[in-house]
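Comments concern the structure below.
The values are calculated or read from the model by the stated rules, or taken from the named source; none is laboratory data. Quick caveat, the model's predicted, so the values are computed rather than measured. Neighbour counts run over all protein chains shown; Cβ positions are idealised from the backbone, glycine included. Calculation scope for accessible area: heavy atoms of the full protein, side chains included, ligands and nucleic acids excluded. Shrake-Rupley method; radii C 1.70, N 1.55, O 1.52, S 1.80 Å.
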Amino acid sequence: TLGSFHIYHHSDLSDLRVLNAGAVIIYGLSFLLLAPVYLLTQNMFIVCSLGFGLMGSYFLYECVHYFIHYKKYESGYMKFIQDFHFHHHDKAPLKNFGNTSVLWDKLLGTYDKNYKKYEMPQRTFDSLITTQKDNRVVHAS
């Protein structure tokens, strides 16, 4: 299940097989979300537009998640979102679920402002793709 996938991702950050959930999730989710839209509108243009938007957003989400785990960032948006995300991993697993924004966490009550004090522990640093010693991934230079 998705829950056990997420728990395993937390338990072994260096296992790149579970870094991203993959395309299968978005295909199933798209069908579940878009079938009712089609039944209500009978308009394939609306359904396709929403579908492409949903898939594009999910692709962006997965790319950001990959780059959060790629290397340690020192400034800017990636530093902010990496601290937010790894605070979720290392300190508050029931808070700060967002990978690209804090919006949903604030709306759903899962926002934890303590991420602002986050310091990356060595274990997390060692799990980053560019710092893994076994070279399971070819790194961009």
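For region 37-141, the solvent-accessible area of protein heavy atoms averages 65 Å² per residue (probe radius 1.4 Å; ligands and nucleic acids excluded). Rolling a 1.4 Å probe over the protein heavy atoms of region 27-78, with every protein chain left in place, gives an accessible area that is 77 percent carbon and sulfur.
Of the peptides 85-93, 65-73, the ranking by mean beta-carbon count within 10 Å, highest at the top, reads 85-93, 65-73.
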